[in-house]
Amino acid sequence: MRALAPGKLVLTGAYAVLDGAPAIVVAVDRYAVADASRVTSSPTPEIRAAFGEGAAPETDVRALYDEEGRKLGLGSSAAAVVASLAAKALARGEDLSHARVRARLFLAARRAHARAQNGGSGVDVAASVYGGVLRYVVAGFSPTIRRVEWPVDVALAAYFGGTSARTTELRARVAALRSERSAEFTPLAKAMGDTAREAADALEAPSDSGRTFVSAARIYGALLAELGRMAGAPIVPAPFAELASVAEREDASFSPSGAGGGDVAVWLGAGGPSAAFTDRARGLGLTRLPLSIDRVGVRGELLPN
């Protein structure tokens, strides 16, 4: 038996989630796979933080990288630590679908991930554990995690920009902005929090949630671009900004997933990306990733014969 943990796309709420605003995250069907019958000789920092000096399962995250070995920005480190802890739970005979087992997995994985990465919200860990579409709000070390419905009239498409971003470096630049230029940062942070709440609330509204969510996601992407400009951080690289303008003309949204930096970005709108958007994305060197929403979260799988 081995454990599978999905990757993620953070659609709205990046950075603002650290201030208590809701983030919307979806789990995707690319997986970290851990086998407790095999011991890794080179654990990642996150897995080392989870297991200490103990034996950690061998974990395969190749599905969360491209063919050239570049991280796609789908939360490989979070998925890896969730899968490794889940593989150990399976070896103990635990049921990964049980709510209490998942709660323990989330807590252990979040602690290890935060320790290795010097902080973070844990939103990517939540996606790997629970799957589906989640509204995630940090409240101390016990966040509120609520499953929400995906709008039937909204399509999602993910694109890889060719750069493996370092989330810790981007977060550090934003933290420096907050500390050194708080008068400039504060109104932007408020706008980001307000927009993140509007996006999250739209997914729980009884009607028109699709158009409202896409509109809020588009505004949030523009706020991320302003945050990057102010912090001197490449949160929204120039090709992403150009494609955001193309998407806006088509009543769609295109913005970085999570902390940004040029790895993965998400198109949201009705009917899927247009031919014009697709051609321009290809011309700018972006690659569309074949992804779907994973509705299950972490689970066990029989080893192949």
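The values are calculated or read from the model by the stated rules, or taken from the named source; none is laboratory data. Everything numeric in this text was worked out from a predicted model, so none of it was measured. Note that each Cβ is placed from the backbone with ideal geometry, even for glycine, and that neighbours are counted across all protein chains shown. To get the accessible areas, we keep the full protein, side chains included, count just its heavy atoms, and leave off ligands, DNA and RNA. Shrake-Rupley method; radii C 1.70, N 1.55, O 1.52, S 1.80 Å.
Computed over protein heavy atoms with a 1.4 Å probe, the accessible surface of the range 84-238 works out to 46 Å² per residue.
The calculated 222 nm mean residue ellipticity attributable to helices in the chain amounts to -13500 deg cm²/dmol, summing -39500 (n - 2.57) over DSSP H runs of n ≥ 4 and dividing by all residues.
For the pair Arg211 and Arg181, label points projected 7 Å from Cα toward Cβ lie 3.7 nm apart.
For the range 76-221, the normalised intensity computed at q = 0.15, 0.19 Å⁻¹ comes to -1.00, -1.34 (log10 of I(q)/I(0), Debye sum over alpha carbons, equal scatterers, no solvent). Only Cα sites of the range 128-196 enter the Debye sum here, all with the same form factor; the resulting log10 I(q)/I(0) across q = 0.20, 0.27 1/Å is -1.23, -1.13, listed in q order. Compute the label zone of Asp66 within the range 1-32: residues whose backbone N is under 20 Å from the point 7 Å along Cα-to-Cβ. Backbone N within reach: 7-10, 28-32. The residue among Val298, Phe240, Ser164 whose Cα reaches farthest toward the positive pole of the charge dipole of the range 150-305, with charges on the beta-carbon of Lys, Arg, Asp and Glu, is Ser164. Largest GNM mean-square fluctuation among Pro22, Pro237, Pro256, using the chain with Cα springs under 10 Å: Pro237. Note on Lys8: lysines with a C-alpha under 18 Å away, same-chain residues under 8 apart excluded, are Lys71.
Note on the range 1-157: Kirkwood hydrodynamic radius from all Cα pairs is 15.6 Å, rounded to one decimal.
Solvent-accessible surface (1.4 Å probe) assigned to Val82 amounts to roughly 0 Å². Restricting the chymotrypsin sites (Phe, Trp or Tyr not before Pro) of the range 1-77 to loop positions (DSSP other than H, G, I, E, B) with no more than 16 neighbouring Cβ atoms within 10 Å leaves nothing. In the chain, Rg over Rh equals 0.96, where Rg is the alpha-carbon radius of gyration and Rh the Kirkwood radius from pairwise Cα distances. The angle between the Cα long axis of helix 99-117 and the main principal axis of the chain comes to about 70°, on a 0 to 90 degree scale.
Of the solvent-accessible surface of the range 34-135, computed with a 1.4 Å probe and all protein chains present, 46% belongs to carbon and sulfur.
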